[in-house]
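A short worksheet on the structure shown next.
The values are calculated or read from the model by the stated rules, or taken from the named source; none is laboratory data. Keep in mind the model is a prediction, meaning the values are calculated, not measured. Cβ sites come from the backbone with ideal geometry, for glycine too, and all protein chains shown count toward neighbours.
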Amino acid sequence: MPPLLTIDHLRFGWRPDQLLLDLEHLQLEAGESLLLRGASGSGKSTLLNLIGGVLVPASGSIRLLGKALETLRPAQRDRLRADHVGYIFQQFNLLPYLDAKSNVDLACGFSRRRRERSSAAGALTAEQLLQRLQLDPAELAGRPASTLSVGQQQRVAAARALIGAPELVIADEPTSALDSDSRDQFLTLLFEECRRAGAALLFVSHDRSLEAQFDRRIELGAINRARTG
């Protein structure tokens, strides 16, 4: 099978005379976990937006599931992202007036493919995902997301990213506001659910202590070139 994600000769800058990203090659296999590190301003979030098709490179190619994102129209990139990529944002980006289940189900509202996969035999529903992430759907029913703790919101955001079994889960520093015990518990649950679904995990963090938990790491350095290891 071809790689889930392949990046070749990627160049991107917000101005023609100022290069932010210079990445010769990156490959991510199905089910693989990859840690992306780098200082503030090194282009981590920009790279995630390029992989998600929100931005397009100045030159080079990004292929997700065999499709070159730079050749697709914006609506096609949006559909590919909604169908095949789950996001866990740093600030979680939950709708504050919806409860936990409704926030999780939002991902299926934007993607018929994920909605169909979430209702297939053997698939996990929103309630089951919340339970596997150690949340009680009945206890949280009707409670606006804005009333949940940081740790609860984080796990709701993870369930939303995982529902419908997307092939790629992207997590943008979702543990930055957690203590080490809560962080480790969350990572254990996230790895378990990604493995169960066969999803690749691309995780952004400043924390060097996490490196051993991932299959590989990429560091965006000060000279804006990626080093892999």
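Table: residues versus (1) within 21 Å of Gln18 (Cβ to Cβ); (2) of a type in the set (Ser, Thr, Tyr); (3) within 15 Å of the chain's Cα centre (by Cα).
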residue	(1), (2), (3)
Ser40	yes, yes, no
Ser45	yes, yes, yes
Leu48	yes, no, yes
Gly52	no, no, yes
Ser61	no, yes, no
Leu64	no, no, yes
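Do we find that Glu116 is acidic (Asp, Glu) and either assigned to a loop (DSSP other than H, G, I, E, B) or surrounded by 19 or more Cβ atoms within 10 Å (Cβ to Cβ) (or both) in this structure? Outline the logic, then answer.
On the way: acidic (Asp, Glu): yes; either assigned to a loop (DSSP other than H, G, I, E, B) or surrounded by 19 or more Cβ atoms within 10 Å (Cβ to Cβ) (or both): no.
For Glu116, the condition - acidic (Asp, Glu) and either assigned to a loop (DSSP other than H, G, I, E, B) or surrounded by 19 or more Cβ atoms within 10 Å (Cβ to Cβ) (or both) - is not met.
Give me the residue from the range 197-213 that is surrounded by fewer than 19 Cβ atoms within 10 Å (Cβ to Cβ) and of a type outside the set (Ser, Thr, Tyr) and, out of that set, nearest to Ala120 (Cα to Cα). Write out each step before concluding.
Step one: filter the range 197-213 for residues surrounded by fewer than 19 Cβ atoms within 10 Å (Cβ to Cβ), giving 198, 206-213.
Okay, now just the ones that are also of a type outside the set (Ser, Thr, Tyr), so 198, 206-208, 210-213.
On the way: Gly198: 16, His206: 37, Asp207: 37, Arg208: 39, Leu210: 34, Glu211: 35, Ala212: 35, Gln213: 31 Å.
This residue is Gly198.
Residue check: is Ser111 of a type in the set (Ser, Thr, Tyr) and within 21 Å of Leu189 (Cα to Cα)? I'd like the intermediate steps shown before the answer.
Working: of a type in the set (Ser, Thr, Tyr): yes; within 21 Å of Leu189 (Cα to Cα): no.
It is false that Ser111 is of a type in the set (Ser, Thr, Tyr) and within 21 Å of Leu189 (Cα to Cα).
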Would the range 126-149 turn up any residue that is modelled with pLDDT under 95, of a type in the set (Lys, Arg) and over 14 Å from Gln91 (Cα atoms)?
yes
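Given Asp181, Asp207, Asp172, Asp136, which one is within 26 Å of Gly38 (Cα to Cα) and free of Cβ contacts under 8 Å to residues at least 24 places away in the same chain? Steps first, answer last, please.
Details: Asp207 fails: free of Cβ contacts under 8 Å to residues at least 24 places away in the same chain; Asp172 fails: free of Cβ contacts under 8 Å to residues at least 24 places away in the same chain; Asp136 fails: within 26 Å of Gly38 (Cα to Cα).
Only one candidate qualifies: Asp181.
Within the range 6-46, take every residue that is touching a Phe, Trp or Tyr at 6+ places or on another chain (Cβ under 8 Å) and under 16 Å from Ile218 (Cβ atoms) and give me the one that is surrounded by the most Cβ atoms within 10 Å (Cβ to Cβ).
Let us first name the residues in the range 6-46 that are touching a Phe, Trp or Tyr at 6+ places or on another chain (Cβ under 8 Å), namely 19-21, 33-36, 43, 46.
Adding the requirement that they be under 16 Å from Ile218 (Cβ atoms) leaves 20-21, 33-36, 43, 46.
On the way: Leu20: 17, Leu21: 23, Ser33: 20, Leu34: 20, Leu35: 23, Leu36: 27, Gly43: 22, Thr46: 18.
Here the answer is Leu36.
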Note on the range 160-210: residues over 11 Å from the mean Cα position of the chain (by Cα), of a type in the set (Gly, Ala, Ser) and more than 19 Å from Phe110 (Cβ to Cβ) are Ser176, Ala177, Ser180, Ser182, Gly198, Ser205, Ser209
